[in-house]
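J.: Pasting a structure below so you can have a look.
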Amino acid sequence: MTETTALRTAPLRARAEIDLAALRANVRTLRALAPGAALMAVVKSDAYGHGALRCARAVVEAGARWLGTATPEEALVLRAAGLRDVRMMCWLWTPGGPWREAIEADIDVSVSGMWALREVTEAARQAGAPARVQLKADTGLGRGGCQPGEDWAELVGEALRAEADGLVRITGLWSHFACADEPGHPSIAAQLDRFREMVAYAEGQGARPEVRHIANSPATLTLPESHFDLVRTGIATYGISPSPELGSPADFGLRPVMTLSASLALVKHVPGGHGVSYGHRYVTPGETTLGLVPLGYADGIPRHASGAGPVLVGGKWRTVAGRIAMDQFVVDLGGDEPEPGAQAVLFGPGDRGEPTAEDWAQAAGTIAYEIVTRIGTRVPRVYTNASE
């Protein structure tokens, strides 16, 4: 019996089921939306909480030609685990980062400024091999990336000189949208124009990138003119819409991959007027039953959803009663009497009556990205449909 099989059959306090068939199907759907571009599946932050290694293997099986991570450490772990035959890119570097290790692992590294170019070229000298470098342009997000104008000209010029010296290969030119999840936002067209200009400048100076890319999940779904050579899909890969304004997952043919559930730890009768959880922010309106769900903010359940988070128990939607504590919260079962151990589903695809991650995002005043990404390590990931 494998470890995953054992987890599926053994009683658990809580579990996050990860449907790898849904994940693979999402990748195929996203590839079909951008047929002229390769697809980079972003597996940063432990694949948005879904488990980086298992998800990385599944998305590659489904046709993702690139994997994307934020930190170099995330990429190096995947290489060390045996993911060798797929292009890989990481973009969140700080001075003194593991440049040489990334070069030796054949990982594309993002460079946004001169300090990074200097460090990666020195690492390439030490490694005795050229670095695969992607130059990032700040087209308007105002976060990472090189500013247009003189800064971009200097970075491109120095990168081309390093390429001529055999220290780097300029494999990509890329950028990131600020408001692609807000249809019609004027910054979208402005960033596309700026990206084309910055790419044209670099290519005019002699850069010959393998890929040019700016499209994230929302742009992949709604902006075909932004697809270029490569699209980078993060949250959409996991079946979650990047914005309710764009549509639901089903509107794009996507299915949420994670289902979070727990076993009720206690069911008990209480009288009316009974305070529930810290601060007694909830008081029972009459005689009722309470169910104890053994998940809390230490597991990533947002405390901001106290009094609002939805849970499916016994085929009915319940709402968190009172404050969410570190390890547990309470639902008012309204007199129903499920047995201890009965399943409480916090979120899933939603097609079996359960809430979704978006429902929890609305309850907590946040975005669904945060809901799935913050589920902690105390909650085991249980993988289903591991093979085709």
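J.: Is it the case that the stretch 362-373 has a residue that's more than 19 Å from the chain's Cα centre (by Cα), open to solvent by less than 60 Å² (accessible area, probe 1.4 Å) and of a type outside the set (Phe, Trp, Tyr)?
T.: Taking the stretch 362-373 as the starting set, the residues that turn out to be more than 19 Å from the chain's Cα centre (by Cα) are 363.
Narrowing further to those that are open to solvent by less than 60 Å² (accessible area, probe 1.4 Å): 363.
After this cut, where a residue has to be of a type outside the set (Phe, Trp, Tyr) as well, the list is 363.
Checked against the condition, which is being more than 19 Å from the chain's Cα centre (by Cα), open to solvent by less than 60 Å² (accessible area, probe 1.4 Å) and of a type outside the set (Phe, Trp, Tyr), the stretch 362-373 yields at least one hit.
J.: Do we find that Leu264 is over 25 Å from Thr366 (Cβ atoms) and either of a type in the set (Lys, Arg) or crowded, with 19+ Cβ neighbours inside 10 Å (or both) in this structure? Give the steps one after another, and end with the answer.
T.: Numbers: over 25 Å from Thr366 (Cβ atoms): yes; either of a type in the set (Lys, Arg) or crowded, with 19+ Cβ neighbours inside 10 Å (or both): yes.
Criteria met by Leu264.
J.: List the number of the failed condition for Leu192; all other conditions in (1) open to solvent by less than 30 Å² (accessible area, probe 1.4 Å); (2) closer than 17 Å to Met40 by Cβ hold.
T.: Every listed condition holds for Leu192 apart from (2).
J.: Kindly indicate the residue of the stretch 250-261 that is open to solvent by 10 Å² or more (accessible area, probe 1.4 Å), in a loop (DSSP other than H, G, I, E, B) and touching a Gly at 6+ places or on another chain (Cβ under 7 Å) and also nearest to Ile371 (Cα to Cα) among those meeting that condition.
T.: Only one residue fits best here, namely Pro256.
J.: Pairs needed: first member in the stretch 105-134, at negative phi; second member anywhere, crowded, with 16+ Cβ neighbours inside 10 Å and assigned to a loop (DSSP other than H, G, I, E, B); C-beta distance under 6 Å; at least 6 residues apart or different chains.
T.: Matching pairs, first to second residue: Ser110/Trp91; Ser112/Gly144; Ser112/Gly145; Ala116/Trp93; Thr121/Leu167; Ala124/Pro130; Ala124/Leu167; Pro130/Leu167.
J.: Separate question: If we scan the stretch 312-329, do we find a residue that is without any contact (Cβ under 8 Å) to a residue 60 or more places away in the chain, in a helix (DSSP H, G or I) and open to solvent by less than 10 Å² (accessible area, probe 1.4 Å)? Spell out the reasoning first.
T.: Kept after step one, since they are without any contact (Cβ under 8 Å) to a residue 60 or more places away in the chain, are these residues of the stretch 312-329: 312-327, 329.
In the following step, the residues that additionally are in a helix (DSSP H, G or I) were identified as none.
No, the stretch 312-329 has no match at all.
J.: Exactly one of these conditions fails for Thr377: (1) within 19 Å of Pro294 (Cα to Cα); (2) assigned to a helix (DSSP H, G or I). Give me its number.
T.: (2)
J.: Give the stretch 206-239 a look and list any residue that's touching a Phe, Trp or Tyr at 6+ places or on another chain (Cβ under 8 Å) and either farther than 26 Å from Thr139 by Cα or among the acidic types (Asp, Glu) (or both), or say none.
T.: Tyr238
J.: What number goes with the only condition from (1) in contact (Cβ under 8 Å) with a residue 24 or more places away in the chain; (2) open to solvent by less than 60 Å² (accessible area, probe 1.4 Å); (3) closer than 29 Å to Ala81 by Cα that Arg169 does not pass?
T.: With respect to (1) in contact (Cβ under 8 Å) with a residue 24 or more places away in the chain; (2) open to solvent by less than 60 Å² (accessible area, probe 1.4 Å); (3) closer than 29 Å to Ala81 by Cα, Arg169 is out only on (2).
J.: Here's a follow-up. Looking at the stretch 203-249, which of its residues are part of a loop (DSSP other than H, G, I, E, B), among the aliphatic types (A, V, I, L, M), open to solvent by 10 Å² or more (accessible area, probe 1.4 Å) and within 21 Å of Ala190 (Cβ to Cβ)?
T.: Residues of the stretch 203-249 part of a loop (DSSP other than H, G, I, E, B): 205-210, 214, 216, 223, 227-229, 234, 239-249.
With the extra rule that they be among the aliphatic types (A, V, I, L, M), the set shrinks to 207, 214, 223, 240, 246.
With the extra rule that they be open to solvent by 10 Å² or more (accessible area, probe 1.4 Å), the set shrinks to 223, 240, 246.
Scanning the stretch 203-249 gives Leu223, Leu246.
J.: Also, I was wondering about something else. Could you give me the residue pairs with C-beta distances under 6 Å whose first residue belongs to the stretch 243-266 and is under 28 Å from Pro224 (Cα atoms), whose second residue is open to solvent by 30 Å² or more (accessible area, probe 1.4 Å) and part of a strand (DSSP E or B) wherever it lies, and which are 6+ apart or on separate chains?
T.: The qualifying pairs are Val257/Asp19.
J.: Going residue by residue through the stretch 57-77, is there one that turns out to be out of contact with any Pro (no Cβ under 7 Å at 6 or more places or on another chain), assigned to a helix (DSSP H, G or I) and of a type in the set (Phe, Trp, Tyr)?
T.: no
J.: Look at Thr288 and say whether it is of a type in the set (Val, Ile, Thr) and either under 22 Å from the mean Cα position of the chain (by Cα) or farther than 21 Å from Leu266 by Cα (or both). Outline the logic, then answer.
T.: Working: of a type in the set (Val, Ile, Thr): yes; either under 22 Å from the mean Cα position of the chain (by Cα) or farther than 21 Å from Leu266 by Cα (or both): no.
In short, no.
J.: May I ask you to verify whether Glu154 is surrounded by fewer than 22 Cβ atoms within 10 Å (Cβ to Cβ), part of a helix (DSSP H, G or I) and in contact with a Pro (Cβ under 9 Å, 6 or more places away or on another chain)? Can you show your working first?
T.: Details: surrounded by fewer than 22 Cβ atoms within 10 Å (Cβ to Cβ): yes; part of a helix (DSSP H, G or I): yes; in contact with a Pro (Cβ under 9 Å, 6 or more places away or on another chain): no.
Here the answer is no, as Glu154 does not meet what is asked.
J.: Return the residues of the stretch 80-98 that are within 21 Å of Leu230 (Cα to Cα) and surrounded by 18 or more Cβ atoms within 10 Å (Cβ to Cβ); say none if nothing qualifies.
T.: If the condition is that a residue be within 21 Å of Leu230 (Cα to Cα) and surrounded by 18 or more Cβ atoms within 10 Å (Cβ to Cβ), then Leu83, Arg87, Met88, Met89, Cys90, Trp91 are the ones that fit.
J.: Further question on the same structure: From the list Val283, Val276, Val270, which one is at pLDDT 95 or above, within 15 Å of Phe329 (Cβ to Cβ) and either surrounded by 17 or more Cβ atoms within 10 Å (Cβ to Cβ) or out of contact with any Pro (no Cβ under 7 Å at 6 or more places or on another chain) (or both)?
T.: Values: Val283 fails: within 15 Å of Phe329 (Cβ to Cβ); Val270 fails: within 15 Å of Phe329 (Cβ to Cβ).
Going through Val283, Val276, Val270 in turn, the sole match is Val276.
J.: Ok, one more. Hey, could you check the stretch 214-251 for residues that are more than 20 Å from Ala58 (Cα to Cα) and hydrophobic (A, V, I, L, M, F, W, C) and say which is farthest from the chain's Cα centre (by Cα)?
T.: Phe228
The values are calculated or read from the model by the stated rules, or taken from the named source; none is laboratory data. Fair warning: this is a prediction, and the values are worked out from it, not measured in the lab. Note: ideal-geometry Cβ built from the backbone for every residue, glycine included; neighbour counts use all protein chains shown. Heads up: the accessible areas ignore ligands, DNA and RNA and are worked out on the full protein's heavy atoms, side chains in. Shrake-Rupley method; radii C 1.70, N 1.55, O 1.52, S 1.80 Å.
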